[in-house]
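The values are calculated or read from the model by the stated rules, or taken from the named source; none is laboratory data. Keep in mind it's a predicted model, so treat the numbers as computed, not measured. Here the Cβ positions follow ideal geometry from the backbone for every residue, glycine too, while neighbour counts run over all protein chains shown.
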Amino acid sequence: MTVVRCENVSKVYGNKNGTQALTGLSVNIKENAITGVIGRNGAGKTTFLKTVAGFLRPTQGTVKVFAENPFHHIKVAENTVFIDGTMMFPPTLTLKDILQEAGRFYKNWDVQLAEKLFSYFALPCDKYHHQLSKGMKSTFHMIIGICARSPLTIFDEPTEGMDSAVRKDFYRTLLKDYLAHPRTILLSSHHLNEIEDLLEEIFIIHQGENRLHLPVDEVKNYAIGLTGEKKVIERICKNREVLYKREISHQYIYVVVKNDLSNGERVQVEGDGVKISAVSTEDVFIYLTQQKEGGIDDVLERS
Ligand SMILES: Nc1ncnc2c1ncn2[C@@H]1O[C@H](COP(=O)(O)OP(=O)(O)OP(=O)(O)O)[C@@H](O)[C@H]1O
């Protein structure tokens with residue numbers, strides 16, 4: 001089943017000459033799966049997630065969450081938790097009070113798990129939210145996001161400021177709790193290699209558009225690297241989309257192309273002395289979202 005449906009969604013901040021954050025974006029998000037929402041800085045991830053959560057109204061297009069228009073919709077709000085670095089809490093409540101009170105907002109709230117995690121991460125019970133460091137705030141928000149067990153759980157860059165040990169613990173906790181209590185999770189991050197093992201689907205947003213949305217296994221096989229003599233590689237690439245190109249020497253070149261070679265073509269290519277190599281999901285993401293074919297190397301070589 002599909003929990004989130006976006007059709008041709010655009011979002012412009014301000015008046016019609018304002019910033020276009022989403023441009024005709026269409027995507028369907030599967031129920032009970034963890035989807036990574038990946039994109040460069042300013043790609044539109046937060047705008048997309050806030051639109052899905054019902055905090056922002058799209059300028060154009062249709063958004064349906066649990067089959068409803070999510071903008072300020074009570075059913076969507078009741079079934080969604082949105083975690084990001086800007087969360088605010090009543091200033092008179094201590095952290096412990098907030099954990100106790102959270103059950104009033106989240107119908108599946110697991111207070112025991114919240115207390116266990118709170119103690120494991122050594123958060124100070126009697127402190128107030130505004131007294132926490134950046135990493136501690138993120139850890140506290142993460143506990144809320146997990147223990148709320150909302151049918152739609154949205155984490156927008158949840159690990160800001162967390163050290164690497166806490167990040168690992170967070171991913172492990174999220175995965176274990178998700179396996180015990182499946183729900184639809186959207187997780188945006190700049191660290192694709194770190195969260196890849198957690199994800200079932202990868203949704204890449206680039207310049208406000210859906211650049212790629214596939215199961216992780218398909219992204220792992222999305223592209224291949226070819227290293228060989230320029231003339232041979234140029235022939236192979238003739239009618240192919242080249243995602244990345246780097247000269248190795250005067251004679252040799254490395255390119256990344258979509259992995260659509262038939263078995264016969266692979267044998268032929270290898271027979272021509274070309275080395276075929278795998279391309280990581282992180283690199284697929286970088287190549288699909290870079291402005292220049294050769295990346296930073298191109299810029300440095302020209303300077
Ligand atoms: N409140 C706002 N008013 C005007 N423009 C905005 C606003 N929020 C975001 N934008 C613009 O919309 C575009 C998309 O921003 P968004 O925050 O959705 O991207 P992002 O992918 O989450 O970025 P990052 O990874 O850097 O957090 C950017 O050009 C940004 O400058």
Over region 40-85, the set of residues among the basic types (Lys, Arg), in contact with a Ser or Thr (Cβ under 9 Å, 6 or more places away or on another chain) and more than 24 Å from residue 285 (Cβ to Cβ) is 57, 64
How do the pairs read when you match residues in region 201-216 that are crowded, with 17+ Cβ neighbours inside 10 Å with residues anywhere that are at pLDDT 95 or above and charged (D, E, K, R), using Cβ under 6 Å and keeping only pairs 6 or more apart or on different chains? 204/211; 205/45
Exactly one of these conditions fails for residue 195: (1) of a type in the set (A, V, I, L, M, F, W, C); (2) modelled with pLDDT of 95 or more; (3) within 16 Å of the ligand (Cβ to nearest atom). Give me its number. (2)
Can you find a residue that is assigned by the TED database to the domain that holds residue 205, of a type in the set (D, E, K, R) and more than 13 Å from the ligand (Cβ to nearest atom) anywhere in region 40-47? no
Somewhere in region 165-184, is a residue more than 23 Å from residue 77 (Cα to Cα), of a type in the set (Gly, Ala, Ser) and in contact (Cβ under 8 Å) with a residue 12 or more places away in the chain? no
Can we say residue 89 is part of a loop (DSSP other than H, G, I, E, B) and under 30 Å from residue 126 (Cα atoms)? yes
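Conditions tested, residue by residue: (1) modelled with pLDDT of 95 or more; (2) assigned by the TED database to the domain that holds residue 202; (3) surrounded by 15 or more Cβ atoms within 10 Å (Cβ to Cβ); (4) in contact with a strand residue (DSSP E or B) (Cβ under 6 Å, 6 or more places away or on another chain).
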{"position": "245", "(1), (2), (3), (4)": "no, no, yes, yes"}
{"position": "248", "(1), (2), (3), (4)": "no, no, no, yes"}
{"position": "253", "(1), (2), (3), (4)": "yes, no, yes, yes"}
{"position": "256", "(1), (2), (3), (4)": "yes, no, yes, yes"}
{"position": "260", "(1), (2), (3), (4)": "no, no, no, no"}
{"position": "263", "(1), (2), (3), (4)": "no, no, no, no"}
{"position": "266", "(1), (2), (3), (4)": "no, no, no, no"}
{"position": "292", "(1), (2), (3), (4)": "no, no, no, no"}
{"position": "302", "(1), (2), (3), (4)": "no, no, no, no"}
Matching residues in region 6-35 (in contact with a Gly (Cβ under 7 Å, 6 or more places away or on another chain) and hydroxyl-bearing (Ser, Thr, Tyr)) number 2
Hits in region 53-72 - residues which are hydroxyl-bearing (Ser, Thr, Tyr) and in a strand (DSSP E or B): 62
The number of residues in region 243-253 that are more than 24 Å from the chain's Cα centre (by Cα) and assigned to a strand (DSSP E or B) is 5
With the checklist (1) within 13 Å of residue 82 (Cα to Cα); (2) crowded, with 23+ Cβ neighbours inside 10 Å; (3) out of contact with any Pro (no Cβ under 7 Å at 6 or more places or on another chain) in hand, flag the one item residue 142 doesn't pass. (3)
Among the numbered criteria (1) away from the ligand (no atom under 15 Å from the Cβ); (2) in a helix (DSSP H, G or I); (3) crowded, with 16+ Cβ neighbours inside 10 Å, which one does residue 3 miss? (2)
Among the listed residues 75, 50, identify the single one that is within 13 Å of the ligand (Cβ to nearest atom), closer than 23 Å to residue 142 by Cα and not in a loop (DSSP other than H, G, I, E, B). 50
What about residue 107, is it in contact (Cβ under 8 Å) with a residue 24 or more places away in the chain and not hydroxyl-bearing (Ser, Thr, Tyr)? yes
Considering region 19-39 alone, what residues qualify as being out of contact with any Ser or Thr (no Cβ under 9 Å at 6 or more places or on another chain) and within 11 Å of the ligand (Cβ to nearest atom)? 19
Single residue of 18, 24, 61 found to be surrounded by fewer than 20 Cβ atoms within 10 Å (Cβ to Cβ), more than 17 Å from residue 83 (Cβ to Cβ) and modelled with pLDDT under 95: 18
Give all pairs with beta carbons closer than 7 Å in which a residue from region 22-50 that is closer than 18 Å to residue 63 by Cβ meets a residue that is away from the ligand (no atom under 13 Å from the Cβ) and basic (Lys, Arg); count only pairs at least 6 apart in sequence or on separate chains. 28/5
Options 89, 71, 55; residue that is among the hydrophobic types (A, V, I, L, M, F, W, C) and touching a residue at least 40 places away in the same chain (Cβ under 8 Å): 89
